[in-house]
Amino acid sequence: MATAASPLPAGQRPNVPTADVRLPAVRDYEQVDREIIGTLRPTLGWFAALGIAILCLLIGISAWMYQIYSGLGVAGYNPPVMWGVYIITFVFWVGIGHAGTLISAILYLFRAGFRTSIYRCAEAMTVFAVMTAALFPILHLGRPWKFFWLIPYPNWRLIWPQFKSPLVWDVFAILTYFTVSSTFLYIGLIPDIAVLRDRETNPVRKRIYALLSLGWRNSDTEW
């Protein structure tokens, strides 16, 4: 195993006997790297799923444009009740994000040896759930193009958001949650981004991976 004084070459991991890995089909870390990188190549099924996702996105954009044209009444809002389907959906997606954080935290607290792949899926689920949840306060606004009024920033008009409004606190909650969850996910991916950096032949993608890997060299000190 490499020491802090003599790190392994960039992106290279030490060969570990099968007894240490405890997985009969795994010979060394190089095999794991090769198999994981092999899954990153888009397949026909991936493009089919992407096409379905884009179709759903276009349907959602069309429905949103219809709502902007016709008013929030199409979503079932009738004064004085102005919180309905969108706030329910917002809370649902925030709950999905909490579930991902809970799964990741439990696996870490119990030091589960198999947690790496599961925690990454859980953190990715959290990040995307929070991004989805962030859409619904904007959809709820009658004038969504003015959503930046919810953000407290110095302006020449000396106008500040109404801090008693739950919409304003949604902004703080979502930004904080998204920042923390993205940081957790990104830090765990740095060693793998370094592997992609060292195996990439395209100079543009290699430069991008180099920036994202933050100079990771796989030393004991970095670990």
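Could you please tell me the mean projected area of the C-alpha convex hull for segment 100-206, averaged over all directions and given in square nanometres to one decimal?
If I average the Cα hull's projected area over directions, I get 10.6 nm².
At 0.36 nm per residue, and after removing the present C-alpha to C-alpha distance, how many nm does the segment from Leu158 to Arg217 gain when stretched out fully?
Details: separation 59, 0.36 × 59 = 21.24 nm, distance 4.91 nm.
Roughly 16.3 nm would be gained on extension.
What is the helix-to-structure angle for 44-70, meaning the angle in degrees between its Cα long axis and the longest Cα principal axis of the chain, kept from 0 to 90 and rounded to the nearest 10?
Tilt of helix 44-70: around 20 degrees.
Please state the Cα pair-distance histogram of segment 167-223 with 5 angstrom bins from zero: what percent is in each bin?
With a bin width of 5 Å, the distribution comes to 4, 18, 20, 16, 13, 11, 8, 7, 3, 0.
Helix 166-199 versus the longest principal axis of the chain: what is the Cα-based angle in degrees, 0 to 90, to the nearest 10?
With rounding to tens, the tilt is 20 degrees.
Assuming R0 = 30 Å, what is the FRET efficiency of Ala49 and Ile208, from their Cβ-Cβ distance, to the nearest 0.05?
According to the calculation, E is roughly 0.80.
Taking 25 Å as R0, compute the FRET efficiency from the Cβ-Cβ separation of Ser70 and Leu167 and round it to 0.05.
0.70
Label Tyr108 and Tyr186 with points 7 Å out from Cα along Cα→Cβ: what is the distance between them in nm?
Simple spin-label model gives 1.6 nm for this pair.
So how far apart, in nm, are the two label points at Leu57 and Ile87 if each is 7 Å from Cα heading toward Cβ?
Label at Leu57, label at Ile87, 3.0 nm between them.
If you roll a 1.4 Å probe over the heavy atoms of the protein chains, what accessible area per residue do you get for the chain, in Å²?
Here the per-residue accessible area is 69 Å².
Where Rh is the Kirkwood radius over the Cα pairs of segment 43-113, the temperature 20 °C and the viscosity 1.002 mPa s, what D in µm²/s does Stokes-Einstein return?
Working: Rh = 15.8 Å.
Rounded to a whole number, D works out at 136 µm²/s.
Rounded to the nearest percent, how much of the accessible area of the chain (1.4 Å probe, protein heavy atoms only) is carbon and sulfur?
72 percent
7 Å from Cα along Cα→Cβ at both Ser117 and Thr132: what's the point-to-point distance in nm?
In this crude label model, Ser117 to Thr132 measures out at 2.3 nm.
If I fit a long axis through the Cα atoms of helix 29-38 and take the longest principal axis of the Cα atoms of the chain, what angle between them do I get, 0 to 90°, rounded to 10?
40 degrees
The values are calculated or read from the model by the stated rules, or taken from the named source; none is laboratory data. Note that the structure is a prediction, hence the values are computed from the model and not measured. No Cβ is skipped: glycine too gets one built from the backbone with ideal geometry, and neighbour counts run over all protein chains shown. Ligands, DNA and RNA are stripped out before the accessible areas are found, and what is left, the full protein with its side chains, is counted by its heavy atoms. Shrake-Rupley method; radii C 1.70, N 1.55, O 1.52, S 1.80 Å.
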